[in-house]
Amino acid sequence: MTDFTTQRGDGGETHQQASGDADVLTTNHGVPVSDNQNSLRAGARGPTLLEDFVLREKIFHFDHERIPERIVHARGSGAHGVFEATADISDLTRAAVFTPGETTEVFVRFSTVAGGAGSVDTPRDVRGFAVKFYTREGNWDLVGNNIPVFFIQDAIKFPDLVHAVKMEADRAYPQAGSAHDTFWDWASLMPESTHMLMWAMSDRTLPRSFRTMEGFGVHTFKLVNAAGKAQFVKFHWKPRLGLQSTIWDEALKLQAADNDYQRRDLWEAIDTGAFPQWDLGIQVFDEEFARAQPYDVQDATKLIPEEDVPVRIVGTLTLNRNPDNFFAETEQVAFLPTNVVPGIDFSNDPLLQGRLFSYLDTQKSRLGTTNFHQIPINAPRCPFANFQRDGLMQTMVPKGRANYEPNSLTAHGEDGGPRESPTRGFVTVNAASGDDEQGDKLRVRAELFADHYSQARLFFRSQTESEQAHIASSFVFELSKVGLEQVPARMVANLRNVDEDLARRVADGLAIDLPDASPTARTPVDMAPSDALSIHKNMKATLEGRAVGILFADGSDAAMLDQVIANVTGAGAKAVLVAPKIGGAKLSDGSMRKAEGQLAGTPSQLFDAVALVLSADGAALLTKEAAAVQFVMDAFGHLKAIGATDAAAPLLDKAGVERDAGITALDGAFLEAAARRFYDREPGVRMLA
Ligand code: HDD
C-alpha cells in the first residue's frame, strides 16, 4: 500500500491520504475505478464520451506530470542518509548538528551541471554535491560541488557562464559538454575562470563514481559559537573510498555503454548495503590569517591549501537509503544556500551573496508555489511554525485565530501561536567580527580578486606528471572543437600566465603558434605545491567499492572461475560475469554457468579491472570476436589490471596488450593490481599533449 502520509515536523501528520481503499484503484477523488483498460464509448466502434471522468482525469494528470527542470544541475541522483557528528567543536559553533554523537537525517543530491535531466552521467563536467541536513534547529543546506573553486567571482556573471556552457542558443547542441565555441569564447575572455578551468580540464570532472569524489562547500562561511564569536570556515567532504577518476577515452565510451553509469553505481551500492561514506572536514581560520594570504578568502575562485590550514574531521555522512520515488524526492528536493542554522553564517563572498538571492526564486519557478517547503522532502523534521499563510498548494491547516504577531490572544486563553526567541533564534553574526562592511557604494571587487593565475598555477604544479598530461590533453581536445578562430590562441595566451610548459603543450597539440601571454591585472605569485589537490596522490589501493568484469566462455575452468569470484568478492569488489551469450557458457566440468552481462553490451569500461578466465578453445574463439578483442584492448588502454589464464594469451596478443605490472596471472597478484590503475602505461598507449 502506498503511504502518502508524511511527518509534518510539528509532531502531527499531514492530511494527505492514500486515496480510497488501497486495494482498489480509484480516481484522485477516491471513486473506485471498474475498468482501467477501456475508455467510455458510445458503441464499441463509436466516439469516446466527454463524460468519461476517469479517462479525463488520468490523461489530465499525465499531461501535467513534468515540471521545469533545473536551469543548471538538471540531471541528478539522490539518496537518504545520516550525518553523525564525531568531534566536539562547541568552541567554534553552537550548531546542534555538531553536537558530538548527534545523528541528523540528510538527503543528498549529486548532479552534473550542464546537461538536461535526460542527459548522460559521464560527460566532462563539474559534479554538484548538495546536502540537506534536517537538523533539530531547522534545515541546513550545504550546496556544493566536487571542486573547491568556481568559474566566477561575482554572481552577476552566472547567467553568462551558464548560457555560454549550455547548449548553444540557436542550435541546441551540444548537450552536456563544454567542448564548443560559446563556452570557450566566454571562458577565454574571463581570466578569473582560469583556476576553475584547470580543475575542469583535470580528471576531477571525470569521477569514477559519486562515491569516489570529494565535495566542497566552496565559499568561505562562518562558524559562530554560543558567545557569538565567529571564525571563518571552509567545508570539505572526503570520500572513505579515496579519490578515483576515469580517463577521457573511458568516459567517452562509458557514455555509450551506460548513460546511467553513476546513477546506477550509487543505487546499487546502497541497495547492496555498501553504504557510501564521506567524512566532513572543516578548515577554520580567523581574520588575521585571512589578511595574511596572497589571495582573498571571499573570492570563490581561490582555495585555501590544506597544507596551510589542515582539514579537521568533524563528522561522517553515510548514505543508506535509496529514494522511494525519484520525482517526489530527488526531483522535488529544493536546496537553498540560505538554509543555515544557528551557529553557521555567511561570509561576504559576492558569489555566495548572489546565490542567497537566486535559489529561492528558482524553487518557486520549478515547484510552482511558495509552499514548496511543505513537500515532504523539503519539510524540516523539527517543529516549524510561523504566521505565513495560504498561497498556492497550501497543504497545512493552521488552527486558531492568530495569524499575525504581536498578538495578545494567549493572554485571553487562546493559542496566540509561536513567538520569536532571541536566545534560540538565528542571530546574524555581528559584522565587526570580520568583514569590512563599510564603504562607498561601488561596483568593484577587492584588490586581490585581480589575481587570476597564481592558484591556477598552484593547481597545475601540484599534479603528477600523468595528471598534467591529462590536463594539457583536455585543453587540446576541448579547443580542437572550437570553430571560432580567435578563441584557442586567446586561451593559450591566458595559459602562458599559468605555466609556460602547459601553454606550449596545448599550442603544440593544436598546431598553432604560441601567442604572447595575455596581460595580467596582477602579477601571479608562486605558491607551494599542495598534494591535496592531486587525485593520484589521494587514491586508495583498494578493491572496495570497485567492480571486476570476469570474462568466461565455453570450456572455462569451473574451479578457477569460482576461485576468482571468491577472491574478488572477498576483497570487497563486485564480480560481474560476462560471456558471449547471456544464458552463459558450458564450463570444463560440463555445468552451465549463467552470465550477468552479454559481452557485446558489457564492455570493459564498466569495470575497474578485468579477469579473463578462458580455456585455449575459448580464447581462440574470442580472438575472432571484435567485442572480446575490444574488451581487452580497452581495459589495457584504460590502464586497468588484466588478470588472465595462460590460455588467454592469444586474446591478449590480438588486443595488442604489452605485458607490464598490471598484466597478471589470476592469483594474489591480480587482486593487488586490480586495486590500482597503471598510469605509467599510458605514454605507451596514447599520445598525450
Ligand atoms: Fe548553483 C543549483 C552548486 C553558483 C544558481 N547549484 C545548484 C546545485 C548545486 C549548485 C549543487 C543543484 C542543487 C540540487 O541538486 O538541486 N552553484 C553551486 C555552487 C556554486 C553555484 C557550488 C558556486 C560556488 N548557482 C551559483 C550561482 C547562482 C546559482 C552564482 C546564481 C546566481 N544553482 C543556481 C540555481 C539552481 C542551482 C539556478 C538551479 C536549480 C536550483 O538552483 O535549485 O538557482
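What follows is calculated from the coordinates using simple rules that are stated; it is not laboratory data. Not measured: the values here are computed from a predicted model. Heads up, the Cβs are rebuilt from the backbone with ideal geometry, glycines too, and the neighbour counts pull from every protein chain shown.
Using the Karplus curve 6.51 cos²θ - 1.76 cosθ + 1.60 with θ = phi - 60°, what ³J(HN,Hα) values do you get for each residue of the stretch 188-194, in whole Hz, with x for Gly and Pro?
5, 8, 10, x, 5, 7, 4
Could I have the simple spin-label model distance between Cys382 and Arg659, label points 7 Å from Cα toward Cβ, reported in nm to one decimal?
Label-label distance for Cys382 and Arg659, simple model: 6.5 nm.
What whole-number value in cubic angstrom gives the convex hull volume per residue for the C-alpha atoms of the chain?
Cα convex hull per residue, to the nearest whole number: 215 Å³.
Grab the Cα-Cα distance for Asp562 and Asn348, subtract it from 0.36 nm times how many residues apart they are, and report the gain in nm with one decimal.
71.1 nm
For Lys222, go through the lysines and keep the ones whose alpha-carbon is under 16 Å away, minus same-chain ones fewer than eight residues off.
Lys234
Give me the tail of P(r) for the stretch 308-457 as a percent: Cα-Cα pairs with distance above 24 Å.
59 percent
Stokes-Einstein D for the stretch 545-588 at 25 °C, 0.890 mPa s, Kirkwood Rh over Cα pairs, in µm²/s?
229 µm²/s
For all pairs of alpha-carbon atoms in the stretch 465-551, what percent lies in each bin of width 5 Å, listed from the first bin to the last filled one?
All Cα pairs, binned at 5 Å, distribute as 3, 12, 18, 17, 15, 13, 8, 6, 5, 3, 1, 0 percent.
Which of the lysines could be linked to Lys594 by a straight reach, that is with a Cα gap under 23 Å, when you skip same-chain ones fewer than 8 residues away?
Candidates past the 8-residue exclusion: Lys574, Lys581, Lys586, Lys624.
Work out from phi, with θ = phi - 60° and the Karplus expression 6.51 cos²θ - 1.76 cosθ + 1.60, the ³J(HN,Hα) of each residue of the stretch 64-80, listed in order in whole Hz, and give x for Gly and Pro.
Going residue by residue, I get 10, 5, 8, 10, x, 6, 4, 5, 10, 6, 5, 9, x, 9, x, 7, 8 Hz, with x marking Gly and Pro.
Can you give me the Rg/Rh ratio for the stretch 274-343, using Cα atoms for both radii and the Kirkwood formula for Rh?
Taking Rh as the inverse mean 1/r over Cα pairs, Rg/Rh reads 1.09.
Which order do the peptides 200-211, 254-265, 72-83 take when ranked by the mean count of other beta-carbon atoms within 10 Å per residue, highest first?
200-211, 72-83, 254-265
Based only on Cα atoms, what Rg/Rh ratio does the stretch 110-227 have, Rh being taken as Kirkwood's radius?
With Rg and the Kirkwood Rh in hand, the quotient comes to 1.01.
Mark the label point 7 Å from the Cα of Asp260 along Cα→Cβ and return the residues of the stretch 197-221 whose backbone N is within less than 12 Å of it.
Of the residues in the stretch 197-221, none has backbone N under 12 Å from the label point off Asp260.
Setting aside same-chain residues fewer than 8 positions from Lys399, which lysines have a Cα under 28 Å from its Cα?
Output for Lys399: Lys364.
Which order do Leu243, Leu197 fall in if you start with the one that has the fewest other Cβ atoms within 10 Å?
Taking fewest neighbouring Cβ atoms as first place, the list is Leu243, Leu197.
What is the calculated FRET efficiency for Ser90 to Asp440, with r their C-beta to C-beta distance and R₀ = 30 Å, to the nearest 0.05?
The value I calculate is 0.15.
Size of the stretch 547-684 along its principal axes in angstrom, Cα-based, largest extent first?
Rounded to whole Å, the extents work out to 42, 33, 25 Å.
Once amide H atoms are built 1.01 Å from N in the peptide plane, which residues 5 or more positions from Ile663, or in another chain, come under 5 Å H to H?
Distant-sequence amide H within range of Ile663: Ile642.
Output the peptides 214-220, 280-286, 385-391, 361-367 sorted from most to least packed, where packing is the average of other Cβ atoms within 10 Å over each peptide's residues.
214-220, 280-286, 361-367, 385-391
For Cα pairs less than 8 Å apart in space and 6+ apart in sequence, what is the mean separation divided by the residue count of the stretch 547-684, i.e. the relative contact order in percent?
Dividing the mean separation by the residue count of the stretch 547-684 yields 24 percent.
Taking amide H atoms as placed 1.01 Å from N in the peptide plane, list the residues 5 or more away in sequence, or in a different chain, whose amide H sits under 5 Å from that of Ile344.
Long-range HN contacts for Ile344: Val224.
Report the percentage of all Cα-Cα pairs in the stretch 383-513 whose separation exceeds 23 Å, rounded to a whole percent.
Beyond 23 Å sits 65 percent of the P(r) for the stretch 383-513.
Got a sec? How would Met167, Met393 order by Cβ neighbour count within 10 Å, fewest to most?
Placing the least packed residue first, the sequence is Met393, Met167.
Using helices alone, what [θ] at 222 nm do you get for the chain, with -39,500 (n - 2.57) per DSSP H run of 4 or more residues, divided over all residues and rounded to the nearest 500?
Computed mean residue ellipticity for the chain: -7500 deg cm²/dmol.
Hey, can you grab everything whose amide H is under 5 Å from the amide H of Ala117? Only 5+ residues off in sequence or another chain; H modelled, so Pro and N-termini drop out.
none
Can you list the HN-Hα couplings for the stretch 584-600, worked out from phi with the Karplus curve (6.51, -1.76, 1.60; θ = phi - 60°), rounded to whole Hz and with x for Gly and Pro?
x, 9, 8, 7, 4, 8, x, 7, 8, 10, 6, 9, 9, x, 7, 3, 4
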